[in-house]
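Shown next, in structure tokens, is the structure this report addresses.
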Amino acid sequence: MEMHDENEKLMGLYEITMHERDELRMLSSDEQKRVREKLIEVDGEKCLQSLASSLNVEQAFIEFDKVLREIEVTEEGLQLKQELIRSHELLSSEIQEKRALVDKKLSALR
């Protein structure tokens, strides 16, 4: 359940980030400068808010794309872990079924 919540959180952040990137590309250069200074906090640790004033829009896009790639890598890792969890849940279920069958046979022998 916790993994699912984390995945939902990441997907939400990714969607917000993609939407904001699209909006940023449509802004005038003055608007881009203002937005560049107020880019949102992405994951609680990495904050693009304090970009130097000399940083141009192209550099901001490069940094923005870098963060997007990090989010994508994190999402891929999360998906792999979710698949592993599903695999372990299936294996656990099979083991429980076998155990129940063994217990039933032992009870029949008694």
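For the reader, a short list of remarks on this structure follows.
- The residue pairs whose first member lies in the range 1-23 and is within 16 Å of residue 78 (Cα to Cα) and hydrophobic (A, V, I, L, M, F, W, C), whose second member is exposed (fewer than 13 other Cβ atoms within 10 Å of the Cβ) and at pLDDT 80 or above, and whose beta carbons are closer than 9 Å, counting only pairs six or more residues apart or on different chains, are 3/85.
- Top-ranked residue in the range 65-110 [being of a type in the set (Lys, Arg) and part of a helix (DSSP H, G or I); ranked as nearest to residue 15 (Cα to Cα)]: 69
- The listed residues are 37, 45, and the only one of them that is more than 22 Å from the chain's Cα centre (by Cα) and either at pLDDT below 65 or not charged (D, E, K, R) (or both) turns out to be 37.
The values are calculated or read from the model by the stated rules, or taken from the named source; none is laboratory data. Predicted model only: the values in this text are computed from it and were never measured. Neighbour counts are summed over all protein chains in view; Cβ atoms, including those assigned to glycine, are modelled from backbone coordinates with ideal geometry.
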